[in-house]
Structure formats: structure tokens, C-alpha cells
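Working notes, beginning with the structure itself.
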Amino acid sequence: MKSGKTVNLTTGNVWKTLLLYCLPLFGSAMVQQFYSLVDLLVVGNFAAEGALSVDAIGNATVIINVLLAFALGANGGCAVIVAKHFGAGDVKRVKETVNTAVISFSVLCAVIMAAGFGFGRLLLKALDVHDSYFSDCLSYLYIYAGSLPFVFMYNLGCGICSALGDSKTPFLFLVISSVLNIGLDLLFVCVFRLDVNGAAWATFISQAISCILTVIVLLRKLKVMPCEGKPKIFDSRLLKELTVTSVPIILQQSFVSVGNFFVSKRINLIGEDATTGFTTAFKLVCMSNMGVSAMTNGLANFASQNKAAGQFARIKTGCLAVLCYTLITSVAFLAVFVSCPQFFTNLFIQQEKLTPEAMGYSVQYLTVVSCFLPVVGAKIVFDGCVRGSGGNVGFTVSTFADLALRVILVYVLTGAGWGFGGVCWAWAIGWCISTCIAFVFLLVEFAKFRKAGGAK
């Protein structure tokens, strides 16, 4: 199978280069989100207990996202380092980075898997998961934890391919595995009546296939890249560099996931209808934000390559380009979600299986939170540019502020009698404040560019 070519992001028209580079990343993120949505769609419509099955997957996903934070951090951190060395034309260092990343992150994956199996039950109890779907929730969590090696290697491989300028190949393989996931979901849930467990195994198998395909192409890609001298299998200095770069991203993902843990705990206390409504609406909002995040991962790679090449002015132009693309995308999602929230909720759960209260919660969350998608989209772009430019401290502070504000506001507003509306407005207000903070750190990085004499 022919793989995509590596692309140098330091030359050519910035707007066109980023558009062509980021579109496959955006597509991959949307497909990946749909990947996870399929489980909810199938069990919500075809499982024996549709709403309870949705609640089970939704709560399990809260814990899974904490585990996935490390995989996403490994992906982002490695990608930035690879992009830097590739931009500087140091192929040997690129290969050494890949080797070191695979070894170190395999060890990390083993630790995270052990944590998932060892503490899964305790975490779900701490989340106040209802007894009516606790066992299904635990089963889904355990099966997904078993798939973590495939998730880690797939994300790492995708990040490396993207850092080398090839964003098309991971997208292609993700589409293939997503189609397979849909087929297996329908087979396991509708035919074999495995319900939640069937959805989990469908995801497991599909992720394994996408991982294998991506790793094969990556190995071929690295093999044909000319290199002077034999690359090291492991380099402790590169491990330090990977750690410094990956930890802020891991913290970002962890902050968000841990924040969602406490938010979900609060929502579970409101009741099962609130859990059902929030799960469906939150998944839709995540889908839109993940698409934007993927584009800004492309921006981070773009910024890293161009910083290594001393092309500071291109970074500023690239940030503006991705910001424009993001705002267009966010406004489109806003319009769709606000105009027909009931329709999207019913995609997950058939009307006859959904209580009016659960529908009301879902509509409320979608209506309020969607109006602020352009705001959080801008924040994600600012964070991506700062991260790719080496501003790890600013990136971490911005992320922590987002988390802290959201969790604090949820508890304050719900405690003040706002009920589920407090959850919705906590997201909106937190996004607005954290976006301002992210913009300040972006200006700091731009000031560094001017000082370096590269941005006019």
C-alpha cells in the first residue's frame, strides 16, 4: 500500500498549505469522534435498555478519557519533537526520536493499563455510577482498557506521520476501521445481542486494525528516508525532551478529563435523566471541539517546523489562517446544534426510550454551550500555536485555568440553585475566561518572535 509523502511545512503559501494539511486531520478527528459515537448510537437504539446502556458507556468514557490523556499526550509531544527535527533537516534525529518514543511510551502504556484494571471499579464508585448500569459500565471500561496498546501505538503513529507532513494516510486508515466498527457494532449488538459488551469489542477490534495499518505504513516511511549514520535505539536526552514536551499535553488532557470526572459526578447526583441528557449532548459538543483540536495539532506541527527553520512570520500567518478555518467550522456546528437539538438527541436514543426530562437536559446543554463554540475554538487555536512555539508553561496554565474554572463554577452554580443550568453556564463562562488567558500567552510568544527578529 502506498503511503502519503512527507511534506516540508516551511515553504509555500501558508493558507493553502495549512488548509490541505489540516483537512485530513480534521477529517480524522471527526471520524474518530464518530467512531466513539457509533457505540452510543447502536446501543441507544438497539440494546435492550437503550437509555441505561448510553449512561453506562457515557460514564465509562469519563474514566477512559483520563487514561487516554496519556496516549494523546504521547502523540502530541512526540509529534512536536519530530516536526522540529524534520524541519531542521535532521533525519537521523527524527528516527532516534521515534525509537525512543516507542520504547518509553510502551512502558507508560503498560502502567496505564494496570491502573485501568486495578482501579476501574473504585473510580466508577467514586463517580457515583448508578447500580442499574454499574456492571455494564465496568465491563465496557475493562474491555477498552485492554485495547490501550493499540490506542497508544495508533495515536503515536498518527502523530509522527502528521509531523512528517503526511496527514492523509492516518485519515484513510481511520475511515477503514470506522466502517469496520459500524459493521461489528451492528453484528454484536443487533445480531448477537451482546449490548454494551458488543459495542466495546467492536471498538477493540477496529482500533487494533487501524493501529496495525498505521504502524506498517510508518515503518515503510521511515525506512526510505535517507539517514547519515545508524540511529540510536534509545537516547536518554531525547527521552528528557519528549517528557518536557509531552507532560504539558498530558496535563492538559488530564486536567480536562479529571474536570469532566467531577462534573459527571455532580450530574449523576442530579439523576439518571440528567446523566442521559448530558451524555448525548456532551458527545456532540466534543465532536465539534475534537475537529478543531485536530486542526490546531496541525498548527502545532506547522509552528514547530517553522520555528526550527527560523520562519517566525509564517507562524503568525499560520495562526491567523487556522483561526479563520476554526471560526467557520465552529459557527457551522453552532448553527446545526442550535437549530435542531432534538433531532441529534434522538439519533442516540429512540424517542420511545427517552424521557421528556432527559430530552430537556440534552436540548438545554446543546443550546447554551453551542453558542460558545467559536470562543473555545479560538482558545484551542491559541493553545496550539503556543505549544508548537515552545510555550509549554503558558499552554499548561491556560489549560489548568479552563479546568479549574469549569469545575468550580459547576459546583458553585448548581449549589446556588441553578440546577442543570449551572452545568451549562459553567462551561460557557469558563471558556470565555480561559480564552482570554490563552490569548495573553499567545501575545507573549509573538513578542518573543519580534525579539528574535524574525517577525515583521
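The values are calculated or read from the model by the stated rules, or taken from the named source; none is laboratory data. Values in this document were obtained by computation on a predicted structure and should not be read as measured data. Methodologically, a virtual Cβ is constructed for each residue, glycine included, from the backbone with ideal geometry; neighbour enumeration extends over all protein chains shown.
Taking the criterion of being in contact (Cβ under 8 Å) with a residue 12 or more places away in the chain and within 30 Å of VAL43 (Cβ to Cβ), would at least one residue in segment 297-315 satisfy it? There is at least one residue in segment 297-315 that is in contact (Cβ under 8 Å) with a residue 12 or more places away in the chain and within 30 Å of VAL43 (Cβ to Cβ).
Every test in (1) farther than 24 Å from VAL256 by Cβ; (2) surrounded by fewer than 17 Cβ atoms within 10 Å (Cβ to Cβ); (3) modelled with pLDDT of 90 or more is passed by SER132 save one, and that test is (3). So, in segment 233-260, of the ones that are charged (D, E, K, R) and crowded, with 16+ Cβ neighbours inside 10 Å, which residue ends up nearest to the chain's Cα centre (by Cα)? By that ranking, first place goes to GLU241. Of the helices (runs of 4 or more DSSP H) lying entirely inside segment 115-190, the ones with 1 or more residues being more than 22 Å from the chain's Cα centre (by Cα) and not hydrophobic (A, V, I, L, M, F, W, C) are found at 134-146, 168-185. Restricting LEU239, LEU187, LEU174, LEU156 to those that are at pLDDT 85 or above, more than 26 Å from ASP90 (Cα to Cα) and of a type outside the set (S, T, N, Q) reduces the list to LEU187. Going by the conditions given, is LEU184 out of contact with any Ser or Thr (no Cβ under 6 Å at 6 or more places or on another chain) and closer than 25 Å to ALA83 by Cβ? No, not satisfied.
Hey, could you check segment 285-296 for residues that are surrounded by fewer than 24 Cβ atoms within 10 Å (Cβ to Cβ) and of a type in the set (A, V, I, L, M, F, W, C) and say which is farthest from VAL338 (Cα to Cα)? Among residues in segment 285-296 that are surrounded by fewer than 24 Cβ atoms within 10 Å (Cβ to Cβ) and of a type in the set (A, V, I, L, M, F, W, C), the one farthest from VAL338 (Cα to Cα) is MET290.
Selection of helices (runs of 4 or more DSSP H) fully inside segment 350-456 by the criterion of at least 1 residues being at pLDDT 85 or above, crowded, with 20+ Cβ neighbours inside 10 Å and in contact with a Pro (Cβ under 9 Å, 6 or more places away or on another chain) returns 356-370, 373-388. Only residues that are in a helix (DSSP H, G or I) and either aromatic (Phe, Trp, Tyr) or more than 21 Å from LEU373 (Cα to Cα) (or both) were counted in segment 259-294, giving 15.
Within the option set ALA48, ALA88, ALA79, being modelled with pLDDT under 90, surrounded by fewer than 24 Cβ atoms within 10 Å (Cβ to Cβ) and under 26 Å from PRO226 (Cβ atoms) holds for one residue only, ALA88.
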